[in-house]
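The values are calculated or read from the model by the stated rules, or taken from the named source; none is laboratory data. Just so it is clear, the structure is predicted and the values come from calculations on it, not from any experiment. Glycine gets a Cβ as well: all are built from the backbone with ideal geometry, and neighbour counts include every protein chain shown. These area figures cover heavy atoms from the full protein model, side chains too; ligands, DNA and RNA do not enter into them. Shrake-Rupley method; radii C 1.70, N 1.55, O 1.52, S 1.80 Å.
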Amino acid sequence: MKAARPDAGTLWRSRDFPLFWAGQALSALGDSFSLLAVPLLVLHATGSVARMGLLTGLVGAASVLAGIFAGYLVDRVDRRLLLLGCDLFRAAGYASIPVTWLFAPQLWLLYLVAPACAAAGMVFQVGYVAAVPALVGPEWITRANGQLYATYAAAGIVGPMLAGLLSSAVGPTAALAVDAGTFALSALGLCLVRLRSAPAPSVRGGRSGWSGLLVGVRFLWRHPVLRTLTVLLSFLTFLTIGLTDVFIYHVKHDLGRPDGTVGQVLAAAAGGTIVAALLVAPVRRSLGFGACWIGAYAVSGLAVAGAGLTRDVPALALLVAAYTFGTSLAGICSMSLRQQVTPEHLLGRVTSAFWTLHSALGPLGAAVLTGAVARYGTAAVCLAAGLTCLGIAAVAVLTPIRAPRPELVPVPTADPARG
């Protein structure tokens, strides 16, 4: 019997997915505030793009470290309570910055809070990926991810513009106060969400964060498409993790525009994500996984190469939107594939291993990218990064990633949780 085509309306018939969606929409709105506010606080205090890159590198390092243990936690404890705790921790952390700034700016606090909240964010992201299949059926995973991405991006359009205006009017710390409030509201929503129970700890395997990570690594290695994705994304993350700092620096330093313009450019970036999220399900169904992923990173590479060369704000906004369109389309496809081929009891550890491995070079990449911008300029660095992205997309054509239906590739028969 032919399977029914996924119906977007089905996602909204139960109470749990809408509640989860609403909480994450609020959280995404707050994230877009801090995405703008934290780099601006560093730039206002130091005027240095290298210092911005250092903070981005520390944030990336904290995420990688947290990723070692995130999968073990997600597969062993109550996922809803874990997500709730992460939201409350981030609410308290980001609230501490504007409270402290009322007395005197303390730059060291940014270097403490931002990495700590990033670590909690990594645990949350792994838990969120593992939670989606527990909220919707397997046939709706790609569409559910697209709906969530579209909502995040819609919040990302409003957030940067509001954050830019708020930062211009009263300073970036006010934007962080908003971020803290949205995390608190997200936690409230999670209190009402029900998730299907995961398997009992006795069948999950692994006695520590390290062993849990190795379980995920073994699963990734045995799956030819996931293995290749992990390797190529390691290089892509190295190239792209610091690009938001570079775009902000380009607008502020090279073009001499105010904070509000930075918010508009980041809002355009969110627009690219919205378009990708709305198109990903039908495009993947029509073109197949390989064409979507490879074509998406080719588009991103061309956009990055051009972004550093333009001095026109509308053109820059369009190129940044094209960049996020490509990375979002590829990212949704990649995440949906992992959710489709990974057994639920391993999903936390496989997701954790995937993100930890492909993010490992990110902190170094952020430092190298922003340091290169300070020395060679935005145009040269963006051109080099964009051409390298194009090269990686070309390499992917020669790998198992090119398969149109990799979800049909046989899953490893040996249970990594037991071996």
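In a simple Cβ point-charge model (Lys, Arg +1; Asp, Glu -1; nothing else charged), segment 11-167 has a dipole of about 60 debye relative to its Cα centre. For ALA394 and THR46, the FRET efficiency from 1/(1 + (r/R0)^6), where r spans their Cβ atoms and R0 equals 35 Å, is about 0.35.
Set against the labelled values (1) 36; (2) 46; (3) 15, percent of Cα pairs over 38 Å apart computed from this structure falls on (3).
Look at the dipole of the chain built from charges on Cβ: of GLN24, LEU135, TYR111, the Cα furthest out on the positive end belongs to LEU135. Each Cα pair under 8 Å and six or more residues apart adds its sequence gap; the mean of these over the residue count of segment 37-146 is a relative contact order of 37 percent.
Mean-square fluctuations from a GNM of the chain, with a 10 angstrom spring cutoff on Cα atoms, peak among LEU190, LEU107, LEU357 at LEU107. Here TRP108 sits with roughly 150 square angstrom of accessible surface, probe radius 1.4 Å. Taking 0.36 nm per residue of sequence separation and removing the Cα-Cα distance, the ARG375/VAL231 pair yields an extension gain of 49.0 nm. Evaluated with a Cβ-only charge set (Lys, Arg +1; Asp, Glu -1), the chain carries a dipole of roughly 1020 debye about its Cα centre, given to the nearest 20. For the pair LEU287 and ARG222, a Förster radius of 45 Å applied to the C-beta separation gives a FRET efficiency near 0.95, rounded to the nearest 0.05. Among TYR152, VAL215, VAL231, whose Cα projects farthest towards the positive end of the dipole of the chain, with charges put on the beta-carbon of Lys, Arg (+1) and Asp, Glu (-1)? Going by the charge dipole, the pick is VAL215. Spatial offset of segment 99-155 relative to segment 35-90 amounts to 9 Å, using the alpha carbon center of each. When the solvent-accessible area of the chain is split by element, carbon and sulfur atoms take up 69 percent of it, the probe being 1.4 Å. Fully extended, how many nm does the chain gain between HIS253 and LEU165 (0.36 nm per residue separation, minus their Cα-Cα distance)? Contour length minus Cα-Cα distance gives 29.8 nm.
Of the residues ALA180, THR324, THR244, the one whose Cα sits farthest towards the positive end of the charge dipole of the chain is THR324 (charges of +1 on Lys and Arg Cβ, -1 on Asp and Glu Cβ, taken about the Cα centre). Find out how many positive minus negative residues lie around GLY127, taking Lys and Arg as positive, Asp and Glu as negative, among other residues whose Cβ is under 11 Å from that of GLY127. Overall, the nearby charge balance is -1. Just check segment 71-161 against the gyration tensor rule for me: Cα atoms, a ≥ b ≥ c as the square roots of the eigenvalues, rounded for a/c under 1.5, and otherwise prolate or oblate depending on whether a/b exceeds b/c. Since a/c reaches 1.5 but b/c is at least a/b, the shape of segment 71-161 is classed as oblate. For segment 314-419, the list of trypsin sites (Lys or Arg not before Pro) that fall in a loop by DSSP and count at most 16 other C-beta atoms within 10 angstrom reads ARG418. Under the simplified labelling scheme, the LEU81-SER211 pair shows an inter-label distance of 2.2 nm, with each label point 7 Å from Cα along Cα→Cβ.
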